[in-house]
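Written below as structure tokens is the structure these notes are about.
Derivation of every value follows stated rules applied to the coordinates shown; laboratory data play no part. In this text, all values refer to a predicted model and were calculated from it rather than measured experimentally. Please note: Cβ atoms are built from the backbone with ideal geometry, for glycine as well, and neighbour counts cover all protein chains shown.
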């Protein structure tokens, strides 16, 4: 290369991919998953759930202002964040399980990027036509009325889908009917409009223009998945020992050609534009559309299906020798997947156990450390505590506070005669509590005495407690 030649670019320009329409069991499964997942996403905020007069009537709501998460009959409080952490752990273990068993099956069927990309491609196909029509339109350099009309129509529908996507997301954080009215009338908080705008833009960009690039370059999972897979993982592959040598000639008894007729159907339907016949590749999302396309072609030429199929590397030697592959369950049920399943189930059962044993009342006790104790004029020693009482019921409840420990100690509630506090429905109410010891009757001067503060729901009889200490120095 001479000095006058321009330096080669390190980056190749993106070549748009226009997948061809295909039908078959895997494509049908993807349509079902698309309909179910999008239906759940868009419709869930509109499901109503009666929670009483003091709580929002939304079945699923992440109330950041009041730091609550509502999921049908379940209400998660801030101190119960371990439920969210447990669900995230289960999601991670589930991803490890499916990847070790079936490769990037999550990416191919249920990943939001895949689901919205499928929806955008469906819209593109409805408006501009199938693969060949879209290719002709793309290669048409002249911008005439027809091309402008088709592009504007497609982009308009894409933008509407993006707005619906962003709108549905913000509905999870506020009462959906109220927020929709505020958004339409211009009275919503600027954060809501900003969130809708950002999600509209990212959905429009990622689903319409950066489809396979998100899966190949932006997503870290293709680079991590290798650690989750082994020779028994079922992945989409090409049986080259059956298909090669490929060619378009007629198959006869004396022909040396394999079953692959090099029709490129598997490439034309691939949403990331790869050729599965080149072997396993980082870009493959295991969507199995190439299986549907190849099986359809094999049926047309009278060859058995499965030239492209879900298969395991450990079966290659057996199949090359003409033996049948191992049963699919022997690939799925192996030590690694059993271990992931056991861990996933253990976390799930732990969360269910914690959910069913939790009480509808709770308390936290925080001793006031400045000062640690006060000596009153009559010689009485008084310790101060901030007690937060949680009433998870839908109505106000009377809670009775009692003290267990040294009988010489007494419990007093600031501003209240007696030991009963009325706690507002579905709140965590802060109460100032004193533990006092009369002069000469309490612990010795060097002691800190353990005590237990009990709270009881007067109506239901439910009880909870917290242990703390009484500082007796100076008595």
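Treat each spin label as a single point 7 Å out from the Cα along the C-beta direction, and report the residue 326 to residue 375 distance in nm.
7.9 nm
Can you compute the modelled spin-label distance between residue 368 and residue 414, with each label point 7 Å from Cα toward Cβ, in nm?
About 0.4 nm, to one decimal.
Return the label of the correct value of Rg and Dmax of the Cα atoms in Å, as calculated from the structure shown, out of (1) 23.0, 77; (2) 22.8, 66; (3) 32.7, 114.
Recomputing Rg and Dmax of the Cα atoms in Å here gives the entry labelled (3).
In nm, to one decimal, how far is the residue 313 label point from the residue 248 one, both placed 7 Å along Cα→Cβ?
Distance between label points: 3.5 nm.
By counting other Cβ atoms within 10 Å of each Cβ, how are 395, 316 ranked from fewest to most?
Fewest-to-most Cβ neighbours within 10 Å comes out as 395, 316.
Could you calculate the contour length gain from residue 21 to residue 189, that is, 0.36 nm times the residue separation minus the distance between their Cα atoms, to one decimal place in nm?
Computed gain between residue 21 and residue 189 is 56.2 nm.
Could you calculate the contour length gain from residue 202 to residue 429, that is, 0.36 nm times the residue separation minus the distance between their Cα atoms, to one decimal place in nm?
Extra length from residue 202 to residue 429 when fully extended: 77.6 nm.
Give me the distance between the Cα centres of segment 117-157 and segment 400-422, rounded to whole Å.
First find each Cα centre; the distance between them is then 74 Å.
Against the longest alpha carbon principal axis of the chain, how many degrees, from 0 to 90 and to the nearest 10, is the axis of helix 82-102 turned?
20 degrees
Is any residue of segment 396-427 close enough, with backbone N under 13 Å, to a label point placed 7 angstrom from the Cα of residue 447 along the Cα-Cβ axis, and if so, which?
405-410
Based on the Cβ-Cβ distance from residue 463 to residue 74, what FRET efficiency comes out when R0 is 22 Å, to the nearest 0.05?
0.50
So how do 126, 344 line up by other beta-carbon neighbours within 10 Å, fewest first?
126, 344
Only Cα pairs under 8 Å and at least 6 apart count here; give the relative contact order of segment 25-227 as a rounded whole percent.
Once normalised by length, the contact order is 22 percent.
Work out how much length residue 388 to residue 110 would gain on full extension: take 0.36 nm times their residue separation and subtract the Cα-Cα distance, in nm to one decimal.
95.8 nm
If packing is taken as the mean number of other Cβ atoms within 10 Å per residue, what is the order of 14-20, 165-171, 397-403, highest first?
Going from most to least packed, we get 165-171, 397-403, 14-20.
Which whole-number percent is the relative contact order of the chain (Cα, under 8 Å, 6+ apart)?
It rounds to 14 percent for the chain.
Percent relative contact order of segment 59-155, based on C-alpha pairs within less than 8 angstrom and at least six residues apart?
11 percent
Counting other C-beta atoms within 10 Å, which of 160, 351 has the fewest, and how do the rest follow?
Ordered by Cβ neighbours within 10 Å, fewest first: 160, 351.
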